Structure formats: structure tokens, C-alpha cells
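The values are calculated or read from the model by the stated rules, or taken from the named source; none is laboratory data. Source: prediction; values computed, not measured. Virtual Cβ from ideal backbone geometry, glycine too; neighbours counted across all protein chains shown. Calculation scope for accessible area: heavy atoms of the full protein, side chains included, ligands and nucleic acids excluded. Shrake-Rupley method; radii C 1.70, N 1.55, O 1.52, S 1.80 Å.
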Amino acid sequence: MSGDPTLERIAQGEGLALCAAGNWTARFAPALERIVSDAEKLRGSRPHIFIDVSQVASLDTFGAWLIERLRRSLSDASAEAEIAGLSANYSSLVDEVRRVGPAPRVVSDRLSITGMLEQIGRTVAGVGGTIIGLVDMLGAVLAAVGKVLIHPRSFRLTSTVHHLEQVCWRAVPIVVLITFLIGCIISQQGIFHFRRFGADIFVVDMLGVLVLREIGVLLVAIMVAGRSGSAYTAELGSMKMREEIDALRTMGFDPIEVLILPRMLALVLALPILAFLGAMAALYGGGLVAWLYGGVDPEAFLLRLRDAISIDHFIVGMVKAPVMAAVIGIVACVEGLAVQGSAESLGQHTTASVVKGIFFVIVMDGVFAIFFASIGM
């Protein structure tokens, strides 16, 4: 067939000329692959090798890459193959292909101490970067709060109410359901084990303290981190990908004040409400199981609960809630603004938002436990 690509070998003393002709385009890809693969076997056979492309009728990116690949394959430490006869029409194409560097070799050093130390260092640096980002976001949010206090008319009440509905009101059913079930499970397991010692009634003490101090607020915070934290990250990330945040800056708006502050405030207001409703649902579920499974009369359950808990237990849980909400919101917003221009990046940062949010919630719960124990609460 006329125009088929060819590569003729012509010996020139100690050198070798490879004369390309025909159409070196993607249309003839199978033939070109065979030609170039055969020519690559000539590496090291001659000290000087020239690739003459003056007779090439047409050349596209595929053909230019094959010629460049052939040149790299025939080059070694002692000699380097050269491309000759390149017309002005195709020189820029070959030069552009030549700028593409070879893929770096991945060296596997799983047992190398240096590699392990490098990985540890990168991990520590990543943790430091995360903490710096969180502190930076906290400072930006506090600065935005200061601006709103100075200029109250700049506060976006409509946006805050909208996010409060999304975070709080629409989360009530799932939060109440899960905390109710958790209360039932705690009560059933407590009765099952306490019954061996004839101490069924002490399940009320365990349930009241656990739900009001720890399990109630911690469980609700984890659910909020998974539900609302991921939503914040996905929303901000998609806006970042569509350059809507840059558009806000161009119009003179502060993205922290417009986008993040209403979300943060809604989360700080919503989590104490959800924690309270979750605690009541867990106590109700625990009391129901104690009555049906353990034979503890509801009146006896309430009397024992009143003696077992105090207002301090309730205060401890309510103090934790807004702080945990702030941590969840800051982590979610930092991850959302860190999204790059791909769907993969959005998914990675959304996952990181949930994982980091839950991690910091548990860390804060431990810090609060130590703090309240030290002050006698």
C-alpha cells in the first residue's frame, strides 16, 4: 500500500543510518510498532547512528513519539543517536515530545532504614501541616467573628438559618434513632451482667452517667462529623473546583465570612441541641429495656436515676458539645478548601475530613475527661 511507513538501514563506515519514509501517523500504529521494535535491537551495534526523517511524508504526535523513543533506545553511555533531516514543519512537534522525560523508576526499599525514617519524617511533617492549617482556619474564623461584631449588618442570618436546618433539624430523626438503640443496648448488656450479682438496679447509674457525660455527646459528635462534616467538605470542595470561591474574592467578598462562618455557627448551635435530644432518647431507650427486659419499674428507674446523676453530669456533656462542633467544622472547612481540580481530590479530602474529624473529637473527649477529673467534676 502506497504511503506505508518504512525504516531502511544504510551502513556508512562505522556508522549506521536509519532512513524513515512514508506516513508515520497513528493510522499505521501496528506497522510502526513492529518497525521501531526491530530497530531498537540495534542498540550498541554501531558507535554512530543517525535517524534520517527527511523522506517522511506525514508525521503526527504518535509518530514523533516513536522516533524519539527509538532515539532514546539507541543511545547509550558511549554514543547518542541523532535525528537528521527534520523539516521545519515537524521540528517543533519532535522538540515538544523530547521535553517529555522518561518515567522515574520506583525503587523498592521496604526494608531500608533510610526509607522508613523518610516515611516517618513525611508523616510528622503532614501532621504538622494539618495542625497549622487548623490553627490558621481558627484564626480566620475568629477574625470574621470580630468583623461581624463590629458590623452586625454583614452577618448572613439567612445562610445561618439554612445551614442550621440542614445540620440540626434534618439530623434529628437519625440521631434520635441511633442514640435510642445505643441506650437499649447499654441497658440490656448492663442488666445481663449485673444480674449475676443481683445488682440489676445499678444499670440505671451506669446508663445515666455514661449517656450524659460521654456516650451521648460523643456518639452524636461522631455522627455529625460523618454527616455534616463530609457535606461541608464536599460543598466547599465543589465550589473550589468550579472557581466560585475565587469569584467571591474577585467581587470583594470574604469567603470565610460568606461561606464558613454561617456553617460554623450553625454547627456550634446544632450539636448541643442534638446531644441533648440524643441523651434523652438514649435514657428513654435504656429505661424501656430496663422495664421490659430487667423488670425495673419506670417509677423506680426515675427515682434511681435522680439519685445517681447530678447537674454536673449534664453540664459536662453540654460543655463538650460546642467545642467538638467547632473542631468538626474547622476540619471540614480546611479539607474543603484544600480540594484541587479533580473528582479524585474531592473524594480524598472528603474522606480525610471524616477521619480527621472523628479523630479530633475523640482526642478532645479525652482532654475534657482529664480536665473535669482534675477540677472534681
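Things to note:
- The condition of being over 19 Å from L305 (Cβ atoms) and part of a helix (DSSP H, G or I) holds for only one of L248, L212, L207, that being L248.
- In region 288-300, the residues that are free of Cβ contacts under 8 Å to residues at least 24 places away in the same chain never reach a residue that is of a type in the set (F, W, Y) and outside any helix (DSSP H, G or I) with C-beta atoms less than 9 angstrom apart, at least six apart or across chains.
- Within region 1-89, strands (runs of 3 or more DSSP E) holding 2 or more residues that are over 49 Å from the mean Cα position of the chain (by Cα) and among the β-branched types (V, I, T): 6-12, 48-59
- Among residues of region 247-260 that are farther than 19 Å from L164 by Cβ, those with a Cβ under 8 angstrom from a residue that is open to solvent by 70 Å² or more (accessible area, probe 1.4 Å), sequence gap 6+ or separate chain, pair up as D254/K147; P255/R249.
- Residues of region 330-377 that are of a type in the set (G, A, S), surrounded by 13 or more Cβ atoms within 10 Å (Cβ to Cβ) and assigned to a helix (DSSP H, G or I): A332, G336, S345, G347, A352, S353, G357, A369.
- Within region 197-241, restricting attention to residues that are without any contact (Cβ under 8 Å) to a residue 40 or more places away in the chain and within 17 Å of L303 (Cα to Cα), the residue that is most open to solvent (accessible area, probe 1.4 Å) is F202.
- Selection from region 220-245 of residues that are outside any loop (DSSP other than H, G, I, E, B) and either more than 21 Å from the chain's Cα centre (by Cα) or charged (D, E, K, R) (or both): V220, R227, E235, K240, E244
- Residue check: G295 meets all listed conditions (1) open to solvent by 20 Å² or more (accessible area, probe 1.4 Å); (2) at negative phi but one, namely (2).
- G294 within 26 Å of D205 (Cα to Cα), part of a loop (DSSP other than H, G, I, E, B) and not hydroxyl-bearing (S, T, Y): yes
- Looking only at region 16-46, and only at residues there that are in contact with a helix residue (DSSP H, G or I) (Cβ under 8 Å, 6 or more places away or on another chain) and open to solvent by 60 Å² or more (accessible area, probe 1.4 Å), the one that is nearest to P5 (Cα to Cα): E33
- Residue in region 159-179 that is part of a loop (DSSP other than H, G, I, E, B) and open to solvent by 40 Å² or more (accessible area, probe 1.4 Å) present: no
- Failed item, numbered, when F194 is tested on (1) in contact (Cβ under 8 Å) with a residue 40 or more places away in the chain; (2) closer than 21 Å to L292 by Cα: (1)
- Flag if A308 is open to solvent by less than 60 Å² (accessible area, probe 1.4 Å) and over 24 Å from the mean Cα position of the chain (by Cα): yes
- Residues in region 19-51 that are within 19 Å of L86 (Cβ to Cβ) and of a type in the set (S, T, N, Q): N23, T25.
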